[in-house]
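Note sheet for the following structure.
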Amino acid sequence: MKICMLTWEFPPRIVGGIARHCYGLAKALTHSGHEVHVITLDFPGTPSYEEVDGVKVYRTATELGHPNFVTWALLFNHFMEKRVADLNQLVSFDLVHVHDWLTAPVGVSFKHYTKKPMVVTVHSTEYGRSGLHTPESYSIDGIEWWSTYEASKVIVTSSSMKREICEHFRLPQEKVEIIPNGIDLTRYWASVDRWSVRSRYGVQPNEKLVLCVGRLVPQKGIEHLIRAVPIITRHYPEAKFIIVGDGWLKDHLEGVAQSTRHRWKIKFTGFLPDQEVVALTTSADVLVVPSVYEPFGIVALEGMAAGVPVVVSQVGGLAEVIAHDRTGVFVYPEKPESIAWGVGRVLSDPGHAMWLTQNAREMIQKTYSWETIAMKTVKVYEEVVR
Amino acid sequence: MCSNSSTGFSRGPALPEEIHLLCTLHNIGATASEKSLTLQQISEWATMEISTLRSYLQKLTELGYVQFNKAEGVDKYHVTINGIRKVLSIYS
């Protein structure tokens, strides 16, 4: 099949999970014999066209701007649409696969001028991310609904997301398919010198590294982990906390860290390249995912792939990925005491922690390889092109 | 803290003004040195006084989110790769 994949982020333009998802899926689809063309936005230092692991990647420059984000998004859709229209003269696509609302207008146009089906993956919703409280959020919510209405099939990564969009957008259950996120296990096979990685971040051999990876935005719940730091260190004074990621909440979170009087135990690294995140994850004693809203939670899978015990909020997709006390530990969202309990559960019993990581690795190998995810996605494609 | 009435969790504090300016710079396309803009141009897009703008830009430059270069004796500003990531994190 010839697949036109639309996404506003694709490596190295990495913001959240969408870039990794599109890369993993496109690569696995290509390996299974399909022709994948990814049309995305430009990023400083990247070519406007290149082949990455067999995937054809087109990066589109946006020639016009506007201070308002939604207007800007609609403008970049126009430039992407031009690129897709040109490309469509050369490649006879079988379908278009849109990732999130940001590229939905291009996908809808494509569907109407080529009369080919559109599939949309809804990775999260505006309603769930930040609620509907501004004119922009209502516009985004509207575009999200519109994309699911126009799509022949809608893909979500978890049952909780299926429930959310079926209720919120009033979609028929049979229109929505659940295909989880995948993970490239080979990224975690390289040997890592744990002690050298830890020492780069000021963690001594006798200390416990509690890691958190995520965008610094409210829905990731990182504030609740920071508030748990004094409780955790009361029992585990050797614990050190590393928070990887950037986001607009950074100043606020640093203020919260200051207020705990344990600021010196908490390190904010900012954005780190993928390889460094893998090295750091592999070197951690526990990975905490304290999200408040999480449609899937790929970072938990990454922790499990790296062989690190994970402590996660029992919300959304995370609640489906983890089996409590079998492949990870559940804690209550927004409850620092509960997060502290979860971290303690792992740090206090290394034997149990190792058992959790072994179970977790077995489970993700079976369920979350990109080959499996690509196969399920192709079934959806086959259904819509029929 | 503002509350999210739809999903019930706290959305955290309001977006800091300088980050709002960073978003504006990004959305109007000042994302590479060849697309950098003068204080005057930014002031018109952002509808912001030059003096306020200057202090926000200084903070953003110190944080590594904005870079300035001198072209024909004029200071011009653009968003760095870290700045782009910062902006995208808000919308993703």
Test set (1) at positive phi; (2) at pLDDT 95 or above - A:Leu209 fails condition number: (1)
Pull out all pairs, ordered by first then second residue, where Cβ-Cβ is under 6 Å, the residues are six or more apart or on different chains, the first lies in the stretch A:109-134 and is modelled with pLDDT under 95, and the second is aromatic (Phe, Trp, Tyr). A:Gly128/A:Tyr293; A:Leu132/A:Tyr138
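Which residue, of A:Thr121, A:Thr125, is in contact with an Asp or Glu (Cβ under 8 Å, 6 or more places away or on another chain) and under 24 Å from A:Trp248 (Cα atoms)? Walk me through how you get there before you give the answer.
Values: A:Thr121 fails: under 24 Å from A:Trp248 (Cα atoms).
Result: A:Thr125 is the single residue among A:Thr121, A:Thr125 that is in contact with an Asp or Glu (Cβ under 8 Å, 6 or more places away or on another chain) and under 24 Å from A:Trp248 (Cα atoms).
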Go through the residues of the stretch A:357-377 one by one and say whether even a single one is over 22 Å from A:Tyr188 (Cα atoms) and surrounded by fewer than 22 Cβ atoms within 10 Å (Cβ to Cβ). yes
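Conditions tested, residue by residue: (1) touching a residue at least 40 places away in the same chain (Cβ under 8 Å); (2) within 14 Å of chain B (Cβ to nearest Cβ); (3) closer than 30 Å to B:Ile19 by Cβ.
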residue: A:Thr7; (1), (2), (3): yes, yes, yes
residue: A:His37; (1), (2), (3): yes, no, no
residue: A:Asp42; (1), (2), (3): no, yes, yes
residue: A:Val55; (1), (2), (3): no, no, no
residue: A:Trp72; (1), (2), (3): no, yes, yes
residue: A:His78; (1), (2), (3): no, yes, yes
residue: A:Thr103; (1), (2), (3): yes, yes, yes
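Mind checking which residues of the stretch A:166-182 are modelled with pLDDT of 95 or more and either in contact with a Phe, Trp or Tyr (Cβ under 6 Å, 6 or more places away or on another chain) or within 16 Å of A:Val315 (Cα to Cα) (or both)?
Initial filter on the stretch A:166-182 (modelled with pLDDT of 95 or more): A:166-179.
Selection gives A:His168, A:Phe169.
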Can you find, within the stretch A:226-247, the residue that is surrounded by the most Cβ atoms within 10 Å (Cβ to Cβ) among those that are within 14 Å of chain B (Cβ to nearest Cβ) and not in a loop (DSSP other than H, G, I, E, B)? A:Ile226
Please state which of the following conditions A:Pro180 fails to meet, knowing it meets all the rest: (1) surrounded by fewer than 17 Cβ atoms within 10 Å (Cβ to Cβ); (2) in contact (Cβ under 8 Å) with a residue 12 or more places away in the chain. (1)
Subset tally (residues that are touching a helix residue (DSSP H, G or I) at 6+ places or on another chain (Cβ under 8 Å) and among the polar types (S, T, N, Q)) for the stretch A:237-268: 1
Odd one out for A:Ser199, checked against (1) closer than 27 Å to B:Arg85 by Cβ; (2) without any contact (Cβ under 8 Å) to a residue 40 or more places away in the chain; (3) part of a strand (DSSP E or B): (3)
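Just the residues that are within 13 Å of chain A (Cβ to nearest Cβ) and either among the aromatic types (Phe, Trp, Tyr) or surrounded by 20 or more Cβ atoms within 10 Å (Cβ to Cβ) (or both), please, taken from the stretch B:54-79.
Residues satisfying the conditions are B:Leu60, B:Tyr65, B:His78, B:Val79.
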Can you name the number of the only condition in (1) at the interface with another protein chain (Cβ under 9 Å from one of its Cβ atoms); (2) within 12 Å of the chain's Cα centre (by Cα) that B:Thr47 fails? (2)
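Does at least one position in the stretch A:271-286 carry a residue that is within 14 Å of chain B (Cβ to nearest Cβ) and closer than 24 Å to A:Tyr332 by Cα? Give the steps one after another, and end with the answer.
Going through the stretch A:271-286, the residues within 14 Å of chain B (Cβ to nearest Cβ) turn out to be A:271-274, A:277.
Keeping just the survivors that are closer than 24 Å to A:Tyr332 by Cα gives none.
No; the residues of the stretch A:271-286 include none that is within 14 Å of chain B (Cβ to nearest Cβ) and closer than 24 Å to A:Tyr332 by Cα.
Out of A:Thr30, A:Thr40, A:Thr60, A:Thr71, which single residue is among the β-branched types (Val, Ile, Thr) and surrounded by fewer than 16 Cβ atoms within 10 Å (Cβ to Cβ)?
On the way: A:Thr30 fails: surrounded by fewer than 16 Cβ atoms within 10 Å (Cβ to Cβ); A:Thr40 fails: surrounded by fewer than 16 Cβ atoms within 10 Å (Cβ to Cβ); A:Thr60 fails: surrounded by fewer than 16 Cβ atoms within 10 Å (Cβ to Cβ).
Residue meeting the stated conditions: A:Thr71.
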State the number of residues belonging to the stretch B:20-55 that are touching a His at 6+ places or on another chain (Cβ under 9 Å) and hydroxyl-bearing (Ser, Thr, Tyr). 3
Considering only residues that are assigned to a helix (DSSP H, G or I) and under 22 Å from A:Ala279 (Cβ atoms), look in the stretch A:207-225 and name the one that is farthest from the chain's Cα centre (by Cα). A:Leu225
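Taking into account only those residues within the stretch A:184-208 that are aliphatic (A, V, I, L, M) and either touching a helix residue (DSSP H, G or I) at 6+ places or on another chain (Cβ under 6 Å) or within 18 Å of A:Phe271 (Cβ to Cβ) (or both), which is nearest to the other protein chains (Cβ to nearest Cβ)?
Of the residues in the stretch A:184-208, the ones aliphatic (A, V, I, L, M) are A:185, A:190, A:192, A:197, A:203.
Then drop every residue that is not either touching a helix residue (DSSP H, G or I) at 6+ places or on another chain (Cβ under 6 Å) or within 18 Å of A:Phe271 (Cβ to Cβ) (or both), which leaves A:185, A:192, A:197.
Details: A:Leu185: 25, A:Val192: 24, A:Val197: 22 Å.
So the residue we want is A:Val197.
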Test result for A:Glu334, at positive phi and surrounded by fewer than 23 Cβ atoms within 10 Å (Cβ to Cβ): yes
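Conditions tested, residue by residue: (1) at pLDDT below 95; (2) surrounded by 24 or more Cβ atoms within 10 Å (Cβ to Cβ); (3) acidic (Asp, Glu).
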residue: A:Gln314; (1), (2), (3): no, no, no
residue: A:Gly342; (1), (2), (3): no, yes, no
residue: A:Arg345; (1), (2), (3): no, no, no
residue: A:Asp349; (1), (2), (3): no, no, yes
Among the listed residues A:Glu150, A:Glu144, identify the single one that is within 21 Å of A:Phe110 (Cα to Cα), touching a Lys or Arg at 6+ places or on another chain (Cβ under 9 Å) and not hydrophobic (A, V, I, L, M, F, W, C). A:Glu150
Give the residues of the stretch A:126-155 that are hydrophobic (A, V, I, L, M, F, W, C) and either in the same structural domain as A:Val217 (by TED's automatic domain parsing) or over 18 Å from A:His99 (Cα atoms) (or both), sorted by residue number. A:Leu132
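Does A:Arg215 count as crowded, with 19+ Cβ neighbours inside 10 Å, within 12 Å of chain B (Cβ to nearest Cβ) and touching a residue at least 12 places away in the same chain (Cβ under 8 Å)?
Numbers: crowded, with 19+ Cβ neighbours inside 10 Å: yes; within 12 Å of chain B (Cβ to nearest Cβ): yes; touching a residue at least 12 places away in the same chain (Cβ under 8 Å): yes.
Criteria met by A:Arg215.
The values are calculated or read from the model by the stated rules, or taken from the named source; none is laboratory data. Not measured: the values here are computed from a predicted model. Virtual Cβ from ideal backbone geometry, glycine too; neighbours counted across all protein chains shown.
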